[in-house]
1. Which one of these is touching a His at 6+ places or on another chain (Cβ under 9 Å), at pLDDT 75 or above, under 15 Å from Glu178 (Cα atoms) and outside any helix (DSSP H, G or I): Val109, Val92?
2. Against the definition (over 21 Å from Arg16 (Cβ atoms), part of a helix (DSSP H, G or I) and of a type outside the set (Lys, Arg)), how does Leu46 come out, yes or no?
3. Only one of these is modelled with pLDDT of 90 or more and closer than 26 Å to Gly61 by Cα: Ala193, Ala205, Ala148. Name it.
4. Going through the range 52-73 one residue at a time, which ones are part of a loop (DSSP other than H, G, I, E, B) and either acidic (Asp, Glu) or touching a residue at least 40 places away in the same chain (Cβ under 8 Å) (or both)?
5. Which residue is nearest to Val92 (Cα to Cα), if the candidates are limited to the range 151-176 and must be at pLDDT below 65 and part of a helix (DSSP H, G or I)?
6. Please find, among Ala127, Ala186, the residue that is among the hydrophobic types (A, V, I, L, M, F, W, C) and modelled with pLDDT of 90 or more.
7. So Phe30 clears everything in (1) touching a helix residue (DSSP H, G or I) at 6+ places or on another chain (Cβ under 6 Å); (2) under 17 Å from Gly112 (Cβ atoms) except one condition, right? Which one?
Amino acid sequence: MTQTSAAPPRRPRVFRDPVHGDITFPRGRFQSLLEQVIDTELFQRLRGIRQTAVMNLVFHGAEHSRFTHSMGAAHVAGMMLESAAENSGFKVSVAACEETVLAALLHDVGHGPFSHSLEEIIGAGFAHERMTVRILTAPESEIHRLLAAYDPGLPDRLRAFIEHAPPGTPARHHWTHEIVSSQLDADRLDYLARDALMAGIRTHAFD
């Protein structure tokens, strides 16, 4: 009788980043979800959208994309969660951590060409936050289907992150929302370091 050994666990994918070094996500079912979301056409399209719109015409090194920024924001969100757990005594569930990292990863998925510059031209008719919510919640969206298959309530919980529900409301009951949207959030911490680096501006990195 021939014995077959179980397949070894799949190694986590490593994303090499100029700001943060190697970015990896914890192994397991959540890692698989993150990688599937990253591989969707909707998320991959962010590779073709410059983070700083037309700033590359002045700072020619600023060719970085919304894709690299979104990956960095998710990484920073994870770092902030770890730091809070180690240094503040805050307790956070695994589910809340997963939602926070996903919200940081997807916070810009609704951006159109030329990022914020397009919104200024079109005006009130287009806002990337509304498009992000649509991508998260529309049944025809591949990202929505992946999220709903993982947890049917996940798309709506991520929607609360993106829509900036006021503190104290049922939709924003957890301090983890501040990691995604506040005056000092993962989004800002990543783009301040990333935009400066790619533009050739010497600045101090955050710890």
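The values are calculated or read from the model by the stated rules, or taken from the named source; none is laboratory data. Note that the structure is predicted; figures quoted are calculated from it, not measured. With ideal geometry, Cβ positions are generated from the backbone for all residues, glycine too; neighbour counts draw on all protein chains shown.
1. Numbers: Val109 fails: under 15 Å from Glu178 (Cα atoms).
Sole residue among the options that is touching a His at 6+ places or on another chain (Cβ under 9 Å), at pLDDT 75 or above, under 15 Å from Glu178 (Cα atoms) and outside any helix (DSSP H, G or I): Val92.
2. Working: over 21 Å from Arg16 (Cβ atoms): no; part of a helix (DSSP H, G or I): yes; of a type outside the set (Lys, Arg): yes.
No.
3. Values: Ala205 fails: modelled with pLDDT of 90 or more; Ala148 fails: closer than 26 Å to Gly61 by Cα.
One residue alone meets the criteria, Ala193.
4. Here is the first cut: in the range 52-73, the residues part of a loop (DSSP other than H, G, I, E, B) are 52-54, 58-64.
Within the range 52-73, Thr52, Ala53, Val54, Phe59, Gly61, Ala62, Glu63, His64 meet the criteria.
5. Let us first name the residues in the range 151-176 that are at pLDDT below 65, namely 165-173.
Okay, now just the ones that are also part of a helix (DSSP H, G or I), so 170-172.
Numbers: Pro170: 17, Ala171: 16, Arg172: 14 Å.
Ranking the candidates gives Arg172 first.
6. On the way: Ala127 fails: modelled with pLDDT of 90 or more.
Step by step, each of Ala127, Ala186 is checked, and only Ala186 is among the hydrophobic types (A, V, I, L, M, F, W, C) and modelled with pLDDT of 90 or more.
7. (2)
Okay, residues lined up against (1) in a loop (DSSP other than H, G, I, E, B); (2) within 23 Å of Arg13 (Cα to Cα):
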site	(1), (2)
Phe25	yes, yes
Glu35	no, yes
His75	no, yes
Glu86	no, no
